[in-house]
1. May I ask for the Rg/Rh ratio of the stretch 88-174, computed from Cα atoms with Rh as the Kirkwood radius, given to two decimals?
2. Restricting to Cα pairs below 8 Å that are 6+ residues apart, what does the relative contact order work out to for the chain? Please round to a whole percent.
3. Charges only on Cβ, +1 for Lys and Arg, -1 for Asp and Glu: so what's the dipole of the stretch 5-166 about the Cα centre, in debye to the nearest 20?
4. Could you list log10 I(q)/I(0) for the stretch 33-95 at q = 0.22, 0.24 Å⁻¹, which the Debye formula gives when each Cα is one point scatterer?
5. Put +1 on the Cβ of every Lys and Arg and -1 on every Asp and Glu Cβ in the chain; which of Met15, Tyr53, Ile146 then has its Cα farthest towards the positive end of the dipole?
6. What net charge do the residues around Leu116 carry, taking every other residue with its C-beta under 12 Å from that of Leu116, with Lys and Arg at +1 and Asp and Glu at -1?
7. For the stretch 109-115, in order, what is each residue's ³J(HN,Hα) by Karplus, 6.51 cos²θ - 1.76 cosθ + 1.60 with θ = phi - 60°, in whole Hz (x at glycine and Pro)?
8. In degrees from 0 to 90, rounded to the nearest 10, what is the angle of the helix 15-25 Cα long axis to the longest principal axis of the chain?
Amino acid sequence: MGRTKALIEIAGVPMATTVARALTAAGCDPVVVYGGDPDELASLEPPVLPDRYPGAGPLGGVLGVLDTVAEIVTVTHVAVLACDLPAITGATIVPLVDAARTAPDLDVVVARTDRLEPACAIWSVSSLAAVRRRFAAGERALHTAIGALRSVEVEVPAEMLVNINTPDDLGRYP
């Protein structure tokens, strides 16, 4: 994209703010932005936490979130979503949150459209050791790690999880 996706505005709102607002509407608290340059992202509504494993792929991001959250707040689950979901709403996330609450023995509750959507998931903080082992073994892909953990998939509308990866994708939004 040539610029920081979290700050790209759709309808005048940075995409990361849209995701943060959806998480808040779904009852997630606290909400933070994880990764990226904290100075560059300082204008975003939620606080920004630095990436503990920069360049270590998506599983490194999840591991870093779990590590960080386990140190600063007492929660049982953490929602981890990509920052480039301009159509996401709280109503999209609530079924995942509900599934995590009703099945506390699961490591991860992950969204599914016509395919697995691993960048929209609720991770149990108790999965930290298992995620750390997968990461230490060289795993970086979320879908592979999720497949090795106790997980459940929750159907969500595909149009809510369309992400922005190219300028053409961005052109679909006002």
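Values quoted throughout were computed directly from the atomic coordinates according to the rules given, and no laboratory measurement underlies them. Note that the structure is a prediction, hence the values are computed from the model and not measured. All Cβ positions, glycine included, derive from the backbone under ideal geometry; neighbour counts span all protein chains shown.
1. On the way: Rg = 14.4 Å, Rh = 14.0 Å.
Ratio value, two decimals: 1.03.
2. Numbers: 286 pairs, mean separation 43.6, N = 174.
The value is 25 percent.
3. Values: 11 positive and 19 negative charges, 91 e Å.
It works out to roughly 440 debye.
4. -1.10, -1.22
5. Ile146
6. Values: positive: Arg112, Arg115; negative: Asp114, Glu117, Glu153, Glu155.
Counting the neighbours of Leu116, the net charge comes to -2.
7. 10, 10, 6, 9, 10, 7, 8
8. The angle comes out at about 50 degrees.
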